[in-house]
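Note sheet for the following structure.
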């Protein structure tokens, strides 16, 4: 079983909540518990906010969000055709010296089971996040 849902989202901050609600709905239908749904919502919000802020600097009109629901979990991809960045230059933030901003990727990686980011200057950015359903241990 695999279900696919795609959204084309205006590159404006007010639409992040719409993607967040869609993520919650898809995750709920996939069988995630409340805690996992909240993690997914936060991770998706962070990915969308990053897109709106960074790709928005290049006047990006829209970005895409794809939800793939499979038996083992949910994969969400947020992609844009913005300016991109050199992923090798990403440095994990120093938790003892937190500043506002710059924590999005760190938060996404902390909340999701797998995160794959592909980007490059002039190539746009794809953030692919997977959360697996918890297996019942009897």
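Taken together, the values in this text are just the output of simple stated rules run on the coordinates, not laboratory data. Fair warning: this is a prediction, and the values are worked out from it, not measured in the lab. No Cβ is skipped: glycine too gets one built from the backbone with ideal geometry, and neighbour counts run over all protein chains shown.
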### Message
Which of 63, 15 has the fewest other C-beta atoms within 10 Å, and how do the rest follow up to the most?
### Response
15, 63
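Set the Förster radius R0 to 30 Å, insert the Cβ-Cβ distance between residue 17 and residue 118 as r into 1/(1 + (r/R0)^6), and round the FRET efficiency to 0.05.
My answer for the efficiency is 0.70.
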### Query
Rounded to the nearest 0.05, what FRET efficiency do residue 25 and residue 72 have when you use their Cβ-Cβ distance and R0 = 22 Å?
0.70
### Rough spin-label spacing in nm, given labels placed 7 Å along Cα→Cβ, for residue 106 and residue 34
2.9 nm
### Query
In what sequence do 119, 28 fall when counting other Cβ within 10 Å, fewest first?
28, 119
### Query
Can you sort 112, 5 so the residue with the fewest Cβ neighbours within 10 Å comes first?
5, 112
### Rg/Rg_ref, the stretch 1-77, where Rg_ref = 2.2 N^0.38 Å and atoms are Cα
1.10
